[in-house]
Amino acid sequence: MTTWADIQRLASDLQRVQLAEGAKKLSENNVIEVVSKLISMNSIDIIFTNDGREYITRKHLLTEIRNECIAADGRLALTDLATRLNVSLNHVENAVATITKADSFVLCAGELLSKEFLDSLFKRLNERLKEVGHLSVRNLTKSWDLPMEILNEFVLPELGRKAIKDEDELYTYQFINSQKKKLRGAVSAITKVTPLATIHSYLEVSQATFFSLWSELANANEIPGTIMGSKSTLKSLYIPKIYGNLVETFVQKSFAERRFIEQSVLKKLAILDAKDYFEQIRSKKELDEILFFSSVVLAKDLWVEITKTIEEAIESQMFCSVEEIVSQFITTSLEPRDLDSMTELLLKSHSTWRATDSVLLYEISIVDTTLKALESFIAEKAERDAPELSKLLKERKTQPTTKKAAVVEDDDDDWGSSKGGKKKGGKKSTGGNKKSSTPASQSNQDTSMWNIPHDELLSELRKLDFIPSELIDVVIHDIEEAANTMFRGKVENILRSIDASGAQNKKKEQAQAQGKLKTLYDSICMFDQGSSFCEEALSQDLKQYLLRTLCTEAANLVLSMFVDLPNSSNLSQKSHSTWRATDSVLLYEISIVETTLKALESFIAEKAERDAPELSKLLKERKTQPTTKKAAVVEDDDDDWGSSKGGKKKGGKKSTGGNKKSSTPASQSNQDTSMWNIPHDELLSELRKLDFIPSELIDVIIHDVEEAANTMFRGKVENILRSIDASGAQNKKKEQAQAQGKLKTLYDSICMFDQGSSFCEEALSQDLKQYLLRTLCTEAANLVLSMFVDLPNSSNLSQKVRDECIASVPEPEVRQSITQLFSSLTDMEKFHEAAQSLQTCSIMLKPPDKKARQEAVSTYAQDLRTQLEQSEDPPACLLLAILIVYAEKAKVAIHASGKFVSSLCKHLTTTSDSLHERVAPELLELFNETQRLVVQMFKSKRMKDEETVAVNQHIHKIKSILFTSS
């Protein structure tokens, strides 16, 4: 084998030959031409250096690479080899590939390693393990400055059965045995409930190894106790057997003496499920004699005593408080739900008991007792209110006769028509002798609305000494309907007696009037015959006088038999001022117009309800029209039904200037709806449905009621529009409050992400802040604009539309603040200044304090975990995982998109602060490898199946590490 000395000797010989003078010496150009010719003829295979001034054979390159690696103690990076040998990295990589196939060299993580170097690493690791018993692989990579791949692929597999690897830790079997003995001694010495975390803190093993040792001891029955909780978490508790025996003795003794035990006491004794515990220490028969509540465990014999005491209390005073009686037997305070459960048990066994919300039990018979006690009060009140109700009924009785009736045709204006005969047209006379309804039935209909006022009945109940104040609201709810029914019954009885006495008096008065009328008519016949005795002229005068006196008196007497008149003998034409006549000489009472209007009220209300949406739409369209359309000048004062209070200008025209701010939406609706009337045909059709108006009166009545009906219609429409405006204002106020709340939450997030971006290096920090300005800050600015301008979608505004919207803001100060906010979307500091100066817009924004930011980062990390758990997309999962590492390890929140993944991975790998130490190297390697595969996935339209599987496997590993670390 050629040595380095041979090479040096040949080089000196060549130099000597070149320096020697000869007859035909080759120039440098000749040498280059000769070498080029040899290369083109494939006579020689050489490699040029990077500067092209020197060359080397491939075989000699292999020798130099071996020598350089050995000179560097068996470890040398390929990039350093290329630099030292001044050869292209491709030639070095090809030569290294040849070396690793034939010689005792390996290539790992871009470095050439000799077998001797790996043997020395294994020897050092073995010696170190023997000294300390356990090592951290991550600490080894830092102290020895080795990539994790070298340890995992070439060093750790050589350990074989000499050590155990658990996650990041290496343990010798001797060390594991010592820890096992230490654990056995600890659990044997413990006499009280101890968290597993406390026991684990005394050992020097990982959590997984700890539970493995625990399982081995438990399988060998060397654990004198039990675990309460999960057997795979350090949050569980270890309960020694000696402690369990002491607790069982205490519970049995305490329950036997007191016949109850508090749940809080059991929890302090590490008994979380009382029912399950009692099933372990009591037989099934004994368990049936125990009641379990959320705050106490109760013996059934004690519950029987409590029930008897409650029964005695209710029997004596018809009510009792469950809480007061239970507290006599159970000294501890009970939870409200326990009192509710006890009340339910009592109600199931006592069907005549009832309970209030305040857990007050009462006997249902207290309602009947209360009603009997109120009977005298109800009777007195009915007696007091009867006169007023009787007066009201009389007024209502007179209304139907005037509404229906009194249509007297000229042909039937006859004294002999009072016997119920039909008039022309087939309609019956509505005279006083027609009995359409009895007084009793009318009183039933009219008194159905008469109830005892709630406050008056409540005041009377408070006077009863046998009802406690806690039961007042319950009892009044149970008896109110019965009391009102009793009250109406007594009122009806009183009205019946009044109607009966009134009917007798009316019958007597009718008989007297008929007798008087008969006597008067006899006198008229006698005087008529006497007047005929005189000469013709005198006879006519006497007859006219007779008509003006006795005949008129007889006519008034007939009228008084059907209409209640104070003095029918002195009636004049003026007393019939409320009568009207039609062209066909039909008389009718003018009050029929009011009756008709009342009958039409429901129809008018329904029509206003139907037409209101259309009218509201019309008004909104008119509001958007130019102000010149608002200046509607109304010359006819009677056509403007909403302007009775407004002053007039010269010429009788009212000012309707657009700049006047005194007009409310209601007044605008007055002006705009003045043309809204009920169509004449529709009103006429509704009138024909009313059975108390004869067809002869329809045309007359519609003329009288049409204007009033239209006025009522417009009033109801105006009320509906007011309610629409009021509800719209409330909704707008609610939306403003919601928008401000959303803006505050958004600004808190912006401050959190701004602080998080400052954690990174300057270039990355600036890119993250610019991304934050383009996304969340722009969203916040658009949200502020949407609070002052009605926009369908404020998140996708073009520059032109946004400027137009800002220009439409009426207040100059608000418009200027919003303009400054949008102008600041290029610099983070300017944005904060503009956001905090929105006080002119009544928007108060300030950065959250330190505690609030920490809570926000914690919440953000939890949200990221939830998203990562639900996501299946590899790029999204990678980004979420990196953001979780920053949020949990560095306690900062980063707002980034997928294009920042490479920079964030690089920052995690190269950062020199404590963050790099807190992140597992395996996780960092997974991030880099997954990012490489994701980039390849985006570059190639179709990925190979094995690449897709690799990406998904990496994502699964990342999720496992993150979820396990939590």
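For the stretch 474-508, the tally of residues that are free of Cβ contacts under 8 Å to residues at least 24 places away in the same chain and within 22 Å of Leu361 (Cβ to Cβ) stands at 2. Checked against (1) touching a Lys or Arg at 6+ places or on another chain (Cβ under 9 Å); (2) farther than 23 Å from Arg258 by Cβ, Ser349 meets all criteria but (1).
Arg714 satisfies every condition listed in (1) among the basic types (Lys, Arg); (2) out of contact with any Lys or Arg (no Cβ under 9 Å at 6 or more places or on another chain); (3) open to solvent by 40 Å² or more (accessible area, probe 1.4 Å) except (3). Within the stretch 137-173, the set of residues being out of contact with any helix residue (DSSP H, G or I) (no Cβ under 9 Å at 6 or more places or on another chain), of a type outside the set (Asp, Glu) and either within 23 Å of Val919 (Cβ to Cβ) or modelled with pLDDT of 70 or more (or both) comprises Asn139, Ser143.
Restricting Ser871, Ser842 to residues that are surrounded by 13 or more Cβ atoms within 10 Å (Cβ to Cβ) and among the small types (Gly, Ala, Ser) narrows the list to Ser871. Residue pairs whose Cβ atoms lie under 6 Å apart, separated by 6 or more positions or on different chains, with the first residue in the stretch 304-319 and among the aliphatic types (A, V, I, L, M) and the second surrounded by fewer than 16 Cβ atoms within 10 Å (Cβ to Cβ), are Ile306/Phe329. In the set (1) under 30 Å from Glu811 (Cα atoms); (2) surrounded by 14 or more Cβ atoms within 10 Å (Cβ to Cβ), Cys877 fails one condition alone, (1).
For first residues located in the stretch 770-785 and open to solvent by 10 Å² or more (accessible area, probe 1.4 Å), partners that are at pLDDT 90 or above and of a type in the set (A, V, I, L, M, F, W, C) and lie 6+ apart or on another chain with Cβ distances below 6 Å form the pairs Leu776/Ile750. For the stretch 449-473, taking the residues that are part of a loop (DSSP other than H, G, I, E, B) and over 21 Å from Thr356 (Cβ atoms), the one that is most open to solvent (accessible area, probe 1.4 Å) is identified as Met449. May I ask you to say which residue of Val558, Val585, Val593 is open to solvent by less than 90 Å² (accessible area, probe 1.4 Å) and either modelled with pLDDT under 70 or not in a helix (DSSP H, G or I) (or both)? Within the list Val558, Val585, Val593, the selection yields Val585. Selection of the stretch 344-368 for residues being in a loop (DSSP other than H, G, I, E, B) and either open to solvent by 50 Å² or more (accessible area, probe 1.4 Å) or modelled with pLDDT of 80 or more (or both) yields His350, Ser351, Thr352, Asp357, Ser358, Ile364. Within the stretch 497-514, the residues that satisfy the criterion of being among the small types (Gly, Ala, Ser) and either at pLDDT 85 or above or under 30 Å from Glu383 (Cα atoms) (or both) are Ser497, Ala500, Ser501, Gly502, Ala503. In this structure, Asp827 qualifies as under 19 Å from Ser758 (Cβ atoms), open to solvent by 40 Å² or more (accessible area, probe 1.4 Å) and modelled with pLDDT of 90 or more. Inspect the stretch 120-129 for any residue being under 30 Å from Leu962 (Cα atoms), surrounded by 14 or more Cβ atoms within 10 Å (Cβ to Cβ) and either out of contact with any strand residue (DSSP E or B) (no Cβ under 6 Å at 6 or more places or on another chain) or modelled with pLDDT under 75 (or both) and give the result as yes or no. Checking the stretch 120-129: at least one residue is under 30 Å from Leu962 (Cα atoms), surrounded by 14 or more Cβ atoms within 10 Å (Cβ to Cβ) and either out of contact with any strand residue (DSSP E or B) (no Cβ under 6 Å at 6 or more places or on another chain) or modelled with pLDDT under 75 (or both). I'd like the full set of residues that are at pLDDT 75 or above and either touching an Asp or Glu at 6+ places or on another chain (Cβ under 7 Å) or among the basic types (Lys, Arg) (or both), limited to the stretch 9-56. Within the stretch 9-56, Arg9, Arg16, Lys37 meet the criteria.
The values are calculated or read from the model by the stated rules, or taken from the named source; none is laboratory data. This is a predicted model, so every value here is computed, not measured. Please note: Cβ atoms are built from the backbone with ideal geometry, for glycine as well, and neighbour counts cover all protein chains shown. Keep in mind that these areas ignore ligands, DNA and RNA; they rest on the heavy atoms of the full protein, side chains included. Shrake-Rupley method; radii C 1.70, N 1.55, O 1.52, S 1.80 Å.
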